[in-house]
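The values are calculated or read from the model by the stated rules, or taken from the named source; none is laboratory data. A quick note: this is a predicted structure, and the numbers were derived from the prediction, not measured. Positions of Cβ are generated from backbone atoms using ideal geometry, with glycine treated the same way; all protein chains shown enter the neighbour counts.
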Protein chains: 2
Amino acid sequence: MQLLSTVNAVRQYVAAARRQQQSIGLVPTMGYLHEGHLSLARKAREQNDIVIMSIFVNPTQFGPGEDLERYPRALERDRELAAATGVDAIFAPAVPEMYPDGYATYVRVEGITEYLCGASRPGHFEGVATVVSKLFNIVQPDRAYFGLKDYQQAQVIKRMVIDLNIPVEIVTVPTVREADGLALSSRNKYLTPVQRQSATALYQALKKGAVLIRSGERRAEIVREAMVAEILSRPETRVDYVAVSDAQTLKPITTINKGKVLLALAVWVGNTRLIDNLTVEVADNVAHHDEEQATPG
Amino acid sequence: MQLLSTVNAVRQYVAAARRQQQSIGLVPTMGYLHEGHLSLARKAREQNDIVIMSIFVNPTQFGPGEDLERYPRALERDRELAAATGVDAIFAPAVPEMYPDGYATYVRVEGITEYLCGASRPGHFEGVATVVSKLFNIVQPDRAYFGLKDYQQAQVIKRMVIDLNIPVEIVTVPTVREADGLALSSRNKYLTPVQRQSATALYQALKKGAVLIRSGERRAEIVREAMVAEILSRPETRVDYVAVSDAQTLKPITTINKGKVLLALAVWVGNTRLIDNLTVEVADNVAHHDEEQATPG
């Protein structure tokens, strides 16, 4: 497996692959890999001749006071995990390689970024859209892979790709969960044992919301309140947002109608902010979970 | 010559050229072609196997109350001129092809857009950067051609290309002028005979500024005032801005030092806003015009 740290090295690597008519899959990550990332890499491995994983803790998507400095990093371990998963090359640039002096260009997606994490973390999705559009231009992949744990992020990237006519196929991959339902996240590492126990409330709350909808509840506020209550029943939890939203526009809804509903939440567990979501397909009088369940390998 | 009106048609056309290893030059225009545009096309013709010209009056780069509706259009004439200049394909999309319902993504270049036309026309360069990044993704050209009459636009595009790692070479081409110095512009068509005469003041003012610098004047305000006086000596003129700026950052300067100085102006002649510029290379005690002069063929 190749370890590439400059844009030029990636361009050369990609050009060689292209000369051999090889297709390229890109898996953008911030590193500290877990099974969620590896499930993206495995999907990319199935669908492409060459798999490139980027590992870059992108400063422009962190706000002031967020966890940019303490975000966990473990490049050596990541290399081993990526290699064992069949990744062909890692692109791990230093910050000045991506944002040199004089850097001044940003990509903004309006509309769907007004809600959920976009409301809680101003500028976050501009940082995401900017770095991802850079990675797309550097790698020029045929396909790029994003996890559904970051549902809003995947929607932002899809919108950007359509709007800017970026020639890449976006592939989304189901959230990978621990046995007790906690969605895998590099930030789970921050949790104390008590907090780790409390963190199961996120998925429990989502399940509870889904059950209510499936049993016929159509008032979003009732569903939301039940989810909030589930979260707050655990020690050291604080709600950032709990939302019942249209799964396309991400706009909060008041009445649950036929179509795809997104249950999404962000919860502080101690000093750690965790997110999770579930989509529910609502038929006329029936609802079922949309999520394909993935479990750690 | 091909006339293409959809993104998919361009993608197919480009894919066929790529299969034959042909290089592609893109000439982005808003149509109503004049010798300035054709000089871009000729340069592209020299340097590439395939020349694609886009013709699109881009609504996102016009502000409220600007001349979007009355901007001159003449696609039939443009087709003939482009074909006669060796253009292989025109991409002339309708507005909904470029900005369909739900469109939400914008590219912003900070810093150099704060000055000159960026200050006079809020949102203008965001519209330019957005549409050009779309065109780059649609055509994926090896090279793209921009005229130096729109000096700030060329700088914005160069900044965006570097920052977003867009794999395209930006080629700038000197301003083409009428015999009396007026820079060619599709908007010159708006001028009455009296205004057309007044419009020669733009280039006269730039020349006057350059002469002052060449004769040793180092106070930017003195240079600026002489340029403003030249403009206002003519009927029906009104200054939007007259600037003596650093040619890289576009920031106004107070003292002219060694290096490249940009003289730039925007002038209302009647209801028509015209722009022009000149760069002057200042050596220790000598200055000379940087502009290669181009005249209509």
Count of the range B:45-58 residues which are in contact with a Ser or Thr (Cβ under 9 Å, 6 or more places away or on another chain) and either under 28 Å from A:ASP163 (Cβ atoms) or within 14 Å of another protein chain (Cβ to nearest Cβ) (or both): 8
Which numbered condition B:VAL107 misses (of (1) hydrophobic (A, V, I, L, M, F, W, C); (2) more than 28 Å from B:GLU35 (Cβ to Cβ); (3) more than 19 Å from the chain's Cα centre (by Cα)): (3)
Helices (runs of 4 or more DSSP H) wholly inside the range A:28-126 containing at least 1 residues that are free of Cβ contacts under 8 Å to residues at least 12 places away in the same chain: A:35-47, A:75-84, A:95-98
Looking only at the range B:114-139, and only at residues there that are farther than 25 Å from B:PRO93 by Cβ and more than 14 Å from the chain's Cα centre (by Cα), the one that is surrounded by the most Cβ atoms within 10 Å (Cβ to Cβ): B:TYR115
Residue match in the range B:213-222 (condition: surrounded by fewer than 20 Cβ atoms within 10 Å (Cβ to Cβ), of a type in the set (S, T, N, Q) and in contact with a helix residue (DSSP H, G or I) (Cβ under 8 Å, 6 or more places away or on another chain)): no
Answer from A:GLY36, A:GLY102 - the residue that is touching a helix residue (DSSP H, G or I) at 6+ places or on another chain (Cβ under 7 Å) and either charged (D, E, K, R) or at pLDDT 95 or above (or both): A:GLY36
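Here is a yes/no grid of residues against (1) in contact with a Pro (Cβ under 8 Å, 6 or more places away or on another chain); (2) within 14 Å of chain A (Cβ to nearest Cβ):
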site: B:ASP150; (1), (2): no, no
site: B:ALA154; (1), (2): no, no
site: B:LYS158; (1), (2): no, yes
site: B:GLU178; (1), (2): yes, no
site: B:LEU191; (1), (2): no, no
Out of B:GLY111, B:GLY63, sole residue that is farther than 26 Å from B:TYR13 by Cα, among the small types (Gly, Ala, Ser) and within 12 Å of chain A (Cβ to nearest Cβ): B:GLY111
Residue selected from the range A:84-104 under the condition touching a strand residue (DSSP E or B) at 6+ places or on another chain (Cβ under 8 Å) and more than 12 Å from chain B (Cβ to nearest Cβ), by the criterion surrounded by the fewest Cβ atoms within 10 Å (Cβ to Cβ): A:GLY86
Pick from the range B:8-26, criterion β-branched (Val, Ile, Thr) and within 24 Å of the chain's Cα centre (by Cα), ranking: nearest to the other protein chains (Cβ to nearest Cβ): B:VAL10
Residues of the range B:100-124 satisfying the condition of being of a type in the set (Ser, Thr, Tyr) and over 19 Å from A:ILE157 (Cβ atoms): B:THR113, B:TYR115, B:SER120
Count of the range B:187-219 residues which are closer than 23 Å to B:ALA283 by Cα and either without any contact (Cβ under 8 Å) to a residue 24 or more places away in the chain or not assigned by TED's automatic domain parsing to the domain that holds B:ALA243 (or both): 4
Residue count for the range A:249-267, restricted to those that are at pLDDT 95 or above, in a loop (DSSP other than H, G, I, E, B) and of a type outside the set (Val, Ile, Thr): 2
Pairs where the first residue, in the range A:159-183, is over 21 Å from A:GLU110 (Cα atoms) and the second is assigned to a strand (DSSP E or B) and modelled with pLDDT under 95, C-beta under 8 Å, 6+ apart: A:VAL173/A:ALA294; A:PRO174/A:ALA294; A:THR175/A:ALA294; A:VAL176/A:ALA294; A:ARG177/A:ALA294
Answer residue from the range A:268-286, given it is in a loop (DSSP other than H, G, I, E, B) and at pLDDT 95 or above and is surrounded by the most Cβ atoms within 10 Å (Cβ to Cβ) among those: A:GLY270
